[in-house]
1. So, in the stretch 133-170, exactly how many residues are assigned to a loop (DSSP other than H, G, I, E, B) and either surrounded by fewer than 17 Cβ atoms within 10 Å (Cβ to Cβ) or charged (D, E, K, R) (or both)?
2. If you take the residues in the stretch 17-52 that are under 18 Å from the mean Cα position of the chain (by Cα) and of a type in the set (A, V, I, L, M, F, W, C), which one is modelled with the lowest pLDDT?
3. Being within 25 Å of THR72 (Cα to Cα) and under 19 Å from the mean Cα position of the chain (by Cα): is that true of ILE191 here?
4. So for the stretch 53-74 (the condition being at pLDDT 85 or above and over 16 Å from the mean Cα position of the chain (by Cα)), does at least one residue qualify?
5. Out of the residues in the stretch 86-104 that are polar (S, T, N, Q) and surrounded by 18 or more Cβ atoms within 10 Å (Cβ to Cβ), which is farthest from VAL183 (Cα to Cα)?
6. Within the stretch 164-180, is there a residue that is free of Cβ contacts under 8 Å to residues at least 40 places away in the same chain and in contact with a His (Cβ under 8 Å, 6 or more places away or on another chain)?
7. Does LEU95 count as of a type in the set (A, V, I, L, M), outside any strand (DSSP E or B), at pLDDT below 95 and in contact with a strand residue (DSSP E or B) (Cβ under 9 Å, 6 or more places away or on another chain)?
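The values are calculated or read from the model by the stated rules, or taken from the named source; none is laboratory data. Not measured: the values here are computed from a predicted model. We place every Cβ from the backbone using ideal geometry, glycine too, and count neighbours over all the protein chains shown.
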Amino acid sequence: MIYNSYNTPFTGRASIIKEADKICRSVNSNFPHLSPYLSWHQYHEPYKHYKAFIPYWAKLDDLRDATKATDTAYDYYEVLINKLKSNKCANCGELSDIVYLKCKNNNFEDVKCVQLGGTSPVYPKRHVKYDHIAVMFKHNNKHIVIDPLFEFADFLPNALVKYKTIFKRFINNFNEKFDLKLVEDSDAVKIHPDDLKELTKKYGHLID
């Protein structure tokens, strides 16, 4: 389990941030994980971790691709939920997928998985996409970010500040001169309401 010592206390925080933070904490509580990516930086032994879980990610990649052809994501999410519970290992994408389910179950507005990116202030057409995924939704026309890997929930402007400061050392090829933004993840696996209903019947204690 990766514990984030940078979480701010509940006192004085907006109620929607408290709700989002509760979702974030719930995911990390129900799916305790070791992140190979963060462990890479901490222990400098990425190969050992990745070798053990390559089949796990390969299976999910296959299912992710299959959803594009079948228009159902039930199988993908069922495997994801069970693998996270049994393997105790995940990165930002897998954890964000679970957060996405919980946000949809809470009827949040405009829920989407988003990818951290940047734009050059000098050359506007020079874009980068960093290998980091989170979840974003709207509340009273404000965007809220839930980042289960870095274990925080906050309004979008505050989240971008955290990426630029606290968490920049965990973001590969981070460029401090680029303007940060969050864009919709083109590879995200969206859930059909009927699939979500069936998944919640079976795994409600984990994703409701």
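1. Restricting attention to the stretch 133-170, the residues satisfying the condition of being assigned to a loop (DSSP other than H, G, I, E, B) are 140-141, 148-151, 165-167.
Restricting the remaining residues to those that are either surrounded by fewer than 17 Cβ atoms within 10 Å (Cβ to Cβ) or charged (D, E, K, R) (or both) gives 140-141, 151, 165-166.
So the count comes out to 5.
2. Looking only at the stretch 17-52, we keep the residues that are under 18 Å from the mean Cα position of the chain (by Cα), and these are 17-39.
Remaining after also requiring of a type in the set (A, V, I, L, M, F, W, C): 17, 20, 23-24, 27, 31, 34, 38.
Values: ILE17: 97, ALA20: 97, ILE23: 97, CYS24: 96, VAL27: 95, PHE31: 88, LEU34: 73, LEU38: 63.
Result: LEU38.
3. Working: within 25 Å of THR72 (Cα to Cα): yes; under 19 Å from the mean Cα position of the chain (by Cα): yes.
The answer is yes for ILE191.
4. Keep residues of the stretch 53-74 that are at pLDDT 85 or above, which gives 73-74.
Remaining after also requiring over 16 Å from the mean Cα position of the chain (by Cα): 73-74.
Yes, the stretch 53-74 contains at least one residue that is at pLDDT 85 or above and over 16 Å from the mean Cα position of the chain (by Cα).
5. From the stretch 86-104, those polar (S, T, N, Q) are 86-87, 91, 96; that's our starting set.
Keeping just the survivors that are surrounded by 18 or more Cβ atoms within 10 Å (Cβ to Cβ) gives 91, 96.
On the way: ASN91: 18, SER96: 14 Å.
Across the stretch 86-104, the extreme among qualifying residues is ASN91.
6. Taking the stretch 164-180 as the starting set, the residues that turn out to be free of Cβ contacts under 8 Å to residues at least 40 places away in the same chain are 164-165, 167-168, 176.
When the remaining residues are screened for being in contact with a His (Cβ under 8 Å, 6 or more places away or on another chain), the result is none.
Scanning the stretch 164-180, I find no residue that is free of Cβ contacts under 8 Å to residues at least 40 places away in the same chain and in contact with a His (Cβ under 8 Å, 6 or more places away or on another chain), so the answer is no.
7. Numbers: of a type in the set (A, V, I, L, M): yes; outside any strand (DSSP E or B): yes; at pLDDT below 95: yes; in contact with a strand residue (DSSP E or B) (Cβ under 9 Å, 6 or more places away or on another chain): yes.
Judged against the criteria, LEU95 is a match.
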